[in-house]
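The structure under discussion appears below in the form of structure tokens.
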Amino acid sequence: METIASNRKIDTSYLCGMETQGDFWVRVGIFLVAFTAPLTPVMGAMVFLIIADFITAIYAAYKVGEKVQSSKMGRTVSKFFFYNLAVAAAFVIEIVIIPEIPLMRVSAGFIAMTELRSIYENFAKIYGIDIWSRVKHLFSKK
């Protein structure tokens, strides 16, 4: 402990490697935030697509006259967890093992296409317009 002119004592033990448990967890938290910062926009996009799929599915069920079931709603909760977990795992593999391959973006792209297709299917139920078939036709060979 050092003493300042006003006789207040300052704890400088953390400067010598003796840190408190609170300091340790703050540093771990800062590391995790810094390490996962590139994931933020990708996970935000995943959450947005999951919510958009959920909303369009609810509206499509209402429009068609189907009952909204809690078991189907439960899948949305698991999507939040597992889709983001898959993207985070791909990010770790990309950073640590294979930096040459953009695994995070590729896996997020596949998940996004799955959600987008589901949104298009819901849109077809709501409005009777099959956008997915039109999109596939645009990219198909002639």
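Label segment 33-142 by shape, choosing from rounded, prolate and oblate, from the square roots a ≥ b ≥ c of the eigenvalues of the Cα gyration tensor; if a/c is under 1.5 it is rounded, and otherwise prolate applies when a/b is larger than b/c, oblate when it is not. Could the numbers behind the result be given before it?
On the way: a/c = 3.24, a/b = 1.53, b/c = 2.12.
Cα axes put segment 33-142 in the oblate bin.
Using a Förster distance of 22 angstrom, determine the FRET efficiency expected from the C-beta separation of residue 76 and residue 33, and round it to 0.05. Could you put the intermediate results ahead of the total?
Working: r = 26 Å, r/R0 = 1.20.
Taking R0 as 22 Å, the efficiency between residue 76 and residue 33 is 0.25.
Give the peptides 93-104, 26-37 in descending order of average Cβ contacts within 10 Å, highest first. Each step should come with its number before you reach the end.
Values: 93-104: 13.1, 26-37: 10.5.
Ranked by mean Cβ neighbours within 10 Å, highest first: 93-104, 26-37.
Mind checking which lysines have their C-alpha under 23 Å from residue 136, skipping anything on the same chain fewer than 8 residues away?
125
Where a number appears in this text, it was derived from the coordinates with a stated rule and is not lab data. Here the structure is a predicted model, which is why all the values come from computation and not from measurement. Here Cβ is always computed from backbone atoms with ideal geometry, including for glycine, and neighbour counts include all displayed protein chains.
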